[in-house]
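J.: One structure follows; several queries about it will come next.
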Amino acid sequence: MTDVRTIDIEAVTKRFGPVAAVNALSFQVQPGRVTGFLGPNGAGKTTTLRMLLGLVRPSQGRATFGGVPYSELVSPLRTVGAALEAASFHPGRTARNHLRVAATASGIARSRVDEVLGLVGLAEFADRRVGGYSLGMRQRLGLAFALLGDPGVLVLDEPINGLDPEGIKWIRSLLRALASEGRTVLVSSHLLSEVQQSVDDVVIIARGELVHSGTLASLSAGDSVSVLVDAPDRSALGDALAAAGYAVTRARSGLIVAGVEAEEVGRTAFEAGIPLSSLQRQSSGLEDTFLHLVEGNR
Amino acid sequence: MSTFLRTVSAETAKITTTRMWWVLALVLFVYVLVLSGGLGALFGAGSSGSLPGGTTGEIPTTGLAPLLYSFASSIGYVFPVLLGALAVTGEVRHQTLTPTLLATPRRGLVLAAKLVVLLGFGALFGVIGLVASVGGGAGALALFDIDTELGSSDTWALFARLVLAMALWAAVGIGLGSVVTNQVAVIVIVIAFTQFVEPVLRSVGALADWIGDIVRFLPGAASDALVGASVFSAMAPGQESLDWWVGALVLAGIAAVLTVIGALTTWRRDVT
Ligand SMILES: Nc1ncnc2c1ncn2[C@@H]1O[C@H](COP(=O)(O)OP(=O)(O)OP(=O)(O)O)[C@@H](O)[C@H]1O
Ligand SMILES: [Mg+2]
């Protein structure tokens with residue numbers, strides 16, 4: 001790793017004809033952290049990443065690595081490792097040759113090719129044509145390509161798509177490891193839950209516009225809490241809670257009491273002399289907050 | 001190593017790591033071998049009077065050897081064009097432009113490297129075509145005791161010009177592929193133009209001088225002029241062709257103009 005940089009998206013807009021796929025988007029991604037780049041399908045994640053990588057020209061604004069556009073990086077693959085779609089391989093070329101071509105173009109040692117193939121678990125398939133690869137294997141090859149230059153910045157577009165559970169676990173710990181080495185890691189996904197366990201920060205966009213950016217913890221600030229409670233005598237419990245002034249709704253597995261902690265519900269039941277059969281705190285979850293943010297923008 | 005040299009070796013590796021180049025080379029070899037050998041045998045048999053009803057010396061044998069050798073380009077030129085065009089359109093079709101431009105984010109440099117690499121592969125195709133046309137043609141002539149002219153320096157000069165022509169054809173392919181990036185469209189254009197449009201236009205050129213003056217600047221005619229012998233000029237004698245070096249300049253010019261147009265238009269587009 002030679003060169004660690006921030007990712008700077010500054011008021012970037014991209015119009016495809018009349019459609020603004022990305023609209024005045026600004027955010028910054030810090031080194032040493034994993035940042036989740038989230039948004040529903042068509043939100044403009046891939047378009048933003050492609051602008052950052054110099055593949056798509058922004059209509060307005062600048063997307064740079066610490067102020068330097070991708071095309072002006074002295075040694076691009078050693079500075080930024082990117083994995084975009086899983087389909088960007090010539091089906092007739094082997095995985096090893098695919099990486100060799102890139103290594104040759106960037107002056108990266110050939111031994112590094114075998115190293116990254118081993119790292120992503122493709123060593124035994126290295127000399128097979130990519131046309132016969134499964135989606136998960138292509139994802140791994142894409143990741144090998146991103147890691148080839150041992151870059152200080154990683155830009156990964158939906159890297160978890162198509163991976164098996166073991167692969168998902170592996171990539172999550174890989175992302176953590178890369179960030180703990182001080183690298184800048186940006187990972188896109190359309191599901192918060194997919195990356196929730198591995199990200200420090202989130203940047204959420206919808207319809208090409210920023211809806212939230214900050215730490216993962218900043219998302220849970222919008223959480224609402226409720227309690228799921230049940231008793232053998234459910235109607236007596238309902239009456240007691242209503243009498244105490246709580247908002248109660250009936251659910252299949254019990255009663256849901258909004259906006260309280262479990263302790264208060266337990267005390268209310270105890271004071272009314274009603275034995276409980278279950279008592280659970282429920283948080284609406286980050287995914288709900290995420291969906292709420294994203295939908296609020298519709 | 002400079003960025004350009006690294007890009008050139010990467011582009012070379014891109015061609016050698018897929019099957020397209022040797023499939024095209026193999027078809028070129030077989031096609032030219034069969035035609036030069038077959039027609040060589042036919043002419044040889046005709047001129048030695050061994051065909052039924054023929055008499056000795058009916059068909060003149062002068063110029064027969066270079067004519068057969070030139071099959072490598074006059075018939076085989078479509079192969080380097082296809083290799084060149086596919087080197088560009090294949091990247092679009094298989095979306096490999098993304099990794100290519102991630103490794104080398106300077107698009108003009110990538111296209112220039114492709115041009116250099118394809119000049120080399122075109123020359124290689126020229127040599128492969130020559131091995132086939134000389135193998136088939138000289139072999140057939142030798143059977144009928146006709147002079148193979150392989151001892152003549154003129155013949156070897158023709159070989160050199162033919163290799164140059166094939167190199168330039170591959171460059172024309174790059175230009176074409178960078179303007180028309182759709183793989184199917186480019187294949188249809190190459191086949192239709194080389195196998196139908198240009199032959200028809202050149203036949204029409206025989207009808208009037210002023211048409212002939214224009215038609216000799218067509219790429220196939222320029223290539224034949226560069227090589228210095230071809231079936232086509234043999235079939236339409238009297239039509240004046242360009243000097244060999246003008247032919248070379250015409251081909252190089254077509255390749256350059258197409259590549260520059262491509263570089264300024266489709267090659268600059270968003271890669272999504
Ligand atoms: N080349 C293009 N031409 C026209 N419109 C495009 C092009 N590329 C993307 N778009 C549009 O831009 C918008 C954003 O697309 P983008 O691929 O960036 O979304 P995304 O967030 O990556 O979605 P997903 O989660 O499905 O991958 C979409 O409305 C899409 O239709
Ligand atoms: Mg996408």
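J.: Those residues that are within 11 Å of chain B (Cβ to nearest Cβ) and open to solvent by 10 Å² or more (accessible area, probe 1.4 Å), I need them from segment A:52-66; list them, please.
T.: Listed by number, the residues that qualify are A:Gly54, A:Arg57, A:Pro58, A:Ser59.
J.: Yes or no: segment A:251-261 includes at least one residue that is modelled with pLDDT of 90 or more, surrounded by fewer than 18 Cβ atoms within 10 Å (Cβ to Cβ), over 30 Å from A:Gln30 (Cβ atoms) and under 40 Å from the mean Cα position of the chain (by Cα).
T.: No, segment A:251-261 has no match at all.
J.: Here is a further query. Looking at (1) within 16 Å of ligand 1 (Cβ to nearest atom); (2) surrounded by 24 or more Cβ atoms within 10 Å (Cβ to Cβ), which one does A:Ala95 not meet, given that it meets all the others?
T.: (1)
J.: Report whether or not A:Ala179 is at pLDDT 85 or above, away from ligand 1 (no atom under 16 Å from the Cβ), in contact with a Gly (Cβ under 8 Å, 6 or more places away or on another chain) and away from chain B (no Cβ under 14 Å).
T.: On the way: at pLDDT 85 or above: yes; away from ligand 1 (no atom under 16 Å from the Cβ): yes; in contact with a Gly (Cβ under 8 Å, 6 or more places away or on another chain): yes; away from chain B (no Cβ under 14 Å): yes.
So A:Ala179 passes the test.
J.: Can you name the residue in segment A:12-30 that is open to solvent by 50 Å² or more (accessible area, probe 1.4 Å) and in contact with a strand residue (DSSP E or B) (Cβ under 9 Å, 6 or more places away or on another chain) and is also farthest from ligand 1 (Cβ to nearest atom) among such residues?
T.: As a first pass, look at segment A:12-30 and keep what is open to solvent by 50 Å² or more (accessible area, probe 1.4 Å): A:15-19, A:23-24, A:26, A:28, A:30.
The next check asks that each one be in contact with a strand residue (DSSP E or B) (Cβ under 9 Å, 6 or more places away or on another chain); those that pass are A:15, A:23-24, A:26, A:28, A:30.
On the way: A:Arg15: 9, A:Asn23: 10, A:Ala24: 15, A:Ser26: 17, A:Gln28: 19, A:Gln30: 22 Å.
Result: A:Gln30.
J.: Out of curiosity, is A:Leu141 at negative phi and either of a type in the set (Asp, Glu) or within 16 Å of ligand 1 (Cβ to nearest atom) (or both)?
T.: Judged against the criteria, A:Leu141 is not a match.
J.: Another one. Picking from A:Arg57, A:Arg50, which residue would you name as being more than 9 Å from ligand 1 (Cβ to nearest atom) and of a type in the set (Lys, Arg)?
T.: On the way: A:Arg50 fails: more than 9 Å from ligand 1 (Cβ to nearest atom).
That would be A:Arg57, the only listed residue that is more than 9 Å from ligand 1 (Cβ to nearest atom) and of a type in the set (Lys, Arg).
J.: So is A:Gly182 over 12 Å from the mean Cα position of the chain (by Cα) and within 16 Å of ligand 2 (Cβ to nearest atom) or not? Walk me through how you get there before you give the answer.
T.: Details: over 12 Å from the mean Cα position of the chain (by Cα): yes; within 16 Å of ligand 2 (Cβ to nearest atom): no.
No.
J.: Considering only segment B:74-91, I want to know if a residue exists there that is surrounded by 18 or more Cβ atoms within 10 Å (Cβ to Cβ) and without any contact (Cβ under 8 Å) to a residue 24 or more places away in the chain.
T.: First pass over segment B:74-91, keeping only residues surrounded by 18 or more Cβ atoms within 10 Å (Cβ to Cβ): B:74-91.
Then drop every residue that is not without any contact (Cβ under 8 Å) to a residue 24 or more places away in the chain, which leaves B:91.
Yes - at least one qualifying residue is present in segment B:74-91.
J.: Any residue at all in segment B:79-87 that's within 14 Å of chain A (Cβ to nearest Cβ), at pLDDT 95 or above and not in a helix (DSSP H, G or I)? Full working, then the answer.
T.: Within segment B:79-87, the subset within 14 Å of chain A (Cβ to nearest Cβ) is B:86-87.
Still in the running and at pLDDT 95 or above: B:86-87.
When the remaining residues are screened for being not in a helix (DSSP H, G or I), the result is none.
No, there is no match, as no residue in segment B:79-87 is within 14 Å of chain A (Cβ to nearest Cβ), at pLDDT 95 or above and not in a helix (DSSP H, G or I).
J.: Let me ask something else. Report, ordered by the first and then the second residue, all pairs with beta carbons closer than 6 Å, sequence separation of six or more or different chains, a first member in segment B:7-20 that is surrounded by fewer than 17 Cβ atoms within 10 Å (Cβ to Cβ), and a second member that is assigned to a loop (DSSP other than H, G, I, E, B) and small (Gly, Ala, Ser).
T.: Here the result reads B:Arg19/A:Gly92, each pair linking segment B:7-20 to a residue that is assigned to a loop (DSSP other than H, G, I, E, B) and small (Gly, Ala, Ser).
J.: Give A:Ser111, A:Ser71, A:Ser75 a once-over and let me know the one that is more than 10 Å from chain B (Cβ to nearest Cβ), out of contact with any strand residue (DSSP E or B) (no Cβ under 8 Å at 6 or more places or on another chain) and of a type in the set (Ser, Thr, Tyr). Reasoning before the result, please.
T.: On the way: A:Ser71 fails: more than 10 Å from chain B (Cβ to nearest Cβ); A:Ser75 fails: more than 10 Å from chain B (Cβ to nearest Cβ).
One residue alone meets the criteria, A:Ser111.
J.: Still on this model: Of the residues A:Ser75, A:Ser88, only one is closer than 24 Å to A:Val195 by Cβ and in the same structural domain as A:Val116 (by TED's automatic domain parsing); which?
T.: Working: A:Ser75 fails: closer than 24 Å to A:Val195 by Cβ.
Sole residue among the options that is closer than 24 Å to A:Val195 by Cβ and in the same structural domain as A:Val116 (by TED's automatic domain parsing): A:Ser88.
J.: Just one of (1) surrounded by 16 or more Cβ atoms within 10 Å (Cβ to Cβ); (2) within 16 Å of ligand 1 (Cβ to nearest atom) trips up A:Ser193, so point out which.
T.: If we test A:Ser193 against (1) surrounded by 16 or more Cβ atoms within 10 Å (Cβ to Cβ); (2) within 16 Å of ligand 1 (Cβ to nearest atom), just (1) comes out false.
J.: With the checklist (1) within 16 Å of ligand 1 (Cβ to nearest atom); (2) open to solvent by 10 Å² or more (accessible area, probe 1.4 Å); (3) at positive phi in hand, flag the one item A:Gly208 doesn't pass.
T.: If we test A:Gly208 against (1) within 16 Å of ligand 1 (Cβ to nearest atom); (2) open to solvent by 10 Å² or more (accessible area, probe 1.4 Å); (3) at positive phi, just (2) comes out false.
J.: Can I ask one more? Is there a residue being within 13 Å of chain B (Cβ to nearest Cβ) and within 16 Å of ligand 2 (Cβ to nearest atom) anywhere in segment A:161-170?
T.: Looking for residues that are within 13 Å of chain B (Cβ to nearest Cβ) and within 16 Å of ligand 2 (Cβ to nearest atom), one finds none in segment A:161-170, hence no.
J.: Looking only at residues in segment A:185-225 that are within 16 Å of ligand 2 (Cβ to nearest atom) and β-branched (Val, Ile, Thr), which one is nearest to A:Val80 (Cα to Cα)?
T.: Ranking the qualifying residues of segment A:185-225, first place goes to A:Val187.
J.: Of the conditions (1) part of a helix (DSSP H, G or I); (2) modelled with pLDDT of 95 or more; (3) within 13 Å of another protein chain (Cβ to nearest Cβ), A:Gly149 satisfies every one except a single condition; which number is it?
T.: Of the numbered conditions (1) part of a helix (DSSP H, G or I); (2) modelled with pLDDT of 95 or more; (3) within 13 Å of another protein chain (Cβ to nearest Cβ), the odd one out for A:Gly149 is (1).
Okay, residues lined up against (1) within 16 Å of ligand 2 (Cβ to nearest atom); (2) buried (at least 21 other Cβ atoms within 10 Å of the Cβ); (3) on the phi > 0 side of the Ramachandran plot:
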{"site": "A:Gly121", "(1), (2), (3)": "no, no, yes"}
{"site": "A:Ala126", "(1), (2), (3)": "no, no, no"}
{"site": "A:Leu135", "(1), (2), (3)": "yes, no, no"}
{"site": "A:Gly149", "(1), (2), (3)": "no, yes, no"}
{"site": "A:Pro159", "(1), (2), (3)": "yes, yes, no"}
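J.: Right, A:Ala43: of a type in the set (Gly, Ala, Ser), more than 12 Å from every other protein chain (Cβ to nearest Cβ) and open to solvent by less than 40 Å² (accessible area, probe 1.4 Å) or not? Before the answer, list the steps.
T.: Values: of a type in the set (Gly, Ala, Ser): yes; more than 12 Å from every other protein chain (Cβ to nearest Cβ): yes; open to solvent by less than 40 Å² (accessible area, probe 1.4 Å): yes.
In short, yes.
J.: Here's something else I'd like to know. Taking segment B:100-125 as the region of interest, how many residues are crowded, with 19+ Cβ neighbours inside 10 Å, in contact (Cβ under 8 Å) with a residue 12 or more places away in the chain, closer than 13 Å to B:Phe4 by Cα and within 11 Å of chain A (Cβ to nearest Cβ)?
T.: 4
The values are calculated or read from the model by the stated rules, or taken from the named source; none is laboratory data. In this text, all values refer to a predicted model and were calculated from it rather than measured experimentally. Ideal geometry is used to build each Cβ from the backbone, glycine not excepted, and the neighbour counts take in all protein chains shown. Just the protein is used for accessible areas: all its heavy atoms, side chains included, with ligands, DNA and RNA removed. Shrake-Rupley method; radii C 1.70, N 1.55, O 1.52, S 1.80 Å.
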